[in-house]
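Single-structure report; data block below.
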Amino acid sequence: MKTCIISGASRGIGRAIAIQLSERDDIQNLVLLARDEIELNETKRLMNPDKNIVLYSLDLTEGKQIEEIVKDTGDRYGGVHLLLNVAGYAEPKSLLETTVENWETTYQVNVQSVFLITREVVKWMKKSGGKILNVASTAGMSARPGWLAYASSKAALISMSHTLSDELAEYGIKVYCVSPGRCATDLRRTLAPDEDQSKIMQPEDVAEVVDSLLSNPGLCLDGQNMVIRQQPKFYQNQVELETKEQNESVTA
Ligand SMILES: NC(=O)c1ccc[n+]([C@@H]2O[C@H](COP(=O)([O-])OP(=O)(O)OC[C@H]3O[C@@H](n4cnc5c(N)ncnc54)[C@H](OP(=O)(O)O)[C@@H]3O)[C@@H](O)[C@H]2O)c1
């Protein structure tokens with residue numbers, strides 16, 4: 001039975017992934033990380049109650065507790081088999097508006113915490129093999145004027161994933177990187193406040209892709225940065241179809 005650590009599990013994509021993975025037969029222990037204890041508990045409430053779910057409230061800008069949390073998890077369950085680095089921070093600013101504080105927080109959450117968690121987890125994972133999945137962004141793959149710190153931090157995460165995939169292959173550890181496009185979450189609202197979130201990809205769509213990546217042991221996609229994107233027209237059509245169905249059921 002596998003043990004899985006997920007950062008950023010209090011909301012958005014991380015919550016959707018935690019819920020989805022809790023339904024899998026091969027995962028019994030799920031360790032969820034984020035700052036907001038109330039929202040972490042809400043994620044737990046939405047998960048399969050038959051699983052062991054452990055919550056840790058921690059601030060990834062500090063990183064002090066990471067070593068202890070991973071050690072406790074490894075000791076309690078005999079290993080760590082899956083790591084999902086989902087937590088992310090965005091404060092979109094242009095070069096001249098970017099403060100050192102913004103730059104540091106962005107890199108601490110989006111890059112440094114991934115380095116720290118991964119380093120501790122690999123101490124366990126190298127005994128059994130495992131899978132690590134990093135959530136980067138399409139913002140790390142091309143220019144995003146006005147999002148300097150966020151976009152460059154995601155580019156760094158994509159690069160880290162490539163290197164770690166090569167470096168950790170000898171231990172039977174596969175490293176995946178996914179780069180979602182626009183997805184309906186709080187973080188996306190910070191980046192695009194005026195967007196209608198009912199017309200873009202939902203966190204559950206990303207969770208489904210992540211679940212299938214982690215499902216197949218032979219999948220030859222490790223080391224790749226995979227874009228997860230839904231065409232806007234798909235959602236428009238879906239909303240129109242649902243509205244039509246509702247109208248028909250009312251008149252029927
Ligand atoms: N939404 C999109 O359009 C989109 C597109 C591409 C990539 N992504 C990436 O997807 C990932 C998930 O983001 P999301 O869109 O689901 O956003 P979200 O709903 O805002 O969730 C962000 C998560 O990161 C955690 N987090 C942020 N700062 C933290 C800190 N200092 N310490 C601990 N945890 C922290 C938050 O938990 P607490 O606040 O409780 O600490 C929360 O669980 C991120 O890496 C993001 O960059 C999102």
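Candidates S198, S165, S159, S152: the one that is outside any loop (DSSP other than H, G, I, E, B) and either more than 16 Å from the ligand (Cβ to nearest atom) or among the β-branched types (V, I, T) (or both) is S165. Here segment 201-221 is the region considered, the condition is being open to solvent by less than 50 Å² (accessible area, probe 1.4 Å) and in contact with a Leu (Cβ under 9 Å, 6 or more places away or on another chain), and the residue that is farthest from the ligand (Cβ to nearest atom) is L219. If you go through segment 176-195 and keep only what is in a loop (DSSP other than H, G, I, E, B) and β-branched (V, I, T), you end up with just T185. Check whether at least one residue in segment 35-54 is surrounded by 21 or more Cβ atoms within 10 Å (Cβ to Cβ), within 18 Å of T118 (Cα to Cα), hydrophobic (A, V, I, L, M, F, W, C) and within 15 Å of the ligand (Cβ to nearest atom), and report yes or no. Scanning segment 35-54 turns up no residue that is surrounded by 21 or more Cβ atoms within 10 Å (Cβ to Cβ), within 18 Å of T118 (Cα to Cα), hydrophobic (A, V, I, L, M, F, W, C) and within 15 Å of the ligand (Cβ to nearest atom).
For the condition within 30 Å of W147 (Cβ to Cβ) and at pLDDT below 95, E37 does not qualify. Being open to solvent by 30 Å² or more (accessible area, probe 1.4 Å) and within 16 Å of the ligand (Cβ to nearest atom), is that true of even one residue in segment 73-89? So far as segment 73-89 goes, yes, one or more of its residues are open to solvent by 30 Å² or more (accessible area, probe 1.4 Å) and within 16 Å of the ligand (Cβ to nearest atom). Test R24 against the criterion of being more than 16 Å from the ligand (Cβ to nearest atom), of a type in the set (K, R) and out of contact with any Ser or Thr (no Cβ under 6 Å at 6 or more places or on another chain), and give yes or no. So R24 passes the test.
Has segment 3-15 got any residue that is touching a Phe, Trp or Tyr at 6+ places or on another chain (Cβ under 8 Å) and more than 16 Å from the ligand (Cβ to nearest atom)?
yes
When you look at T106, is it among the β-branched types (V, I, T), within 16 Å of the ligand (Cβ to nearest atom) and more than 22 Å from A169 (Cα to Cα), yes or no?
yes
Does D186 meet the test of being within 13 Å of the ligand (Cβ to nearest atom), surrounded by fewer than 20 Cβ atoms within 10 Å (Cβ to Cβ) and not hydroxyl-bearing (S, T, Y)? So D186 passes the test.
The values are calculated or read from the model by the stated rules, or taken from the named source; none is laboratory data. A quick note: this is a predicted structure, and the numbers were derived from the prediction, not measured. With ideal geometry, Cβ positions are generated from the backbone for all residues, glycine too; neighbour counts draw on all protein chains shown. Accessible surface areas use protein heavy atoms only, side chains included; no ligands, DNA or RNA. Shrake-Rupley method; radii C 1.70, N 1.55, O 1.52, S 1.80 Å.
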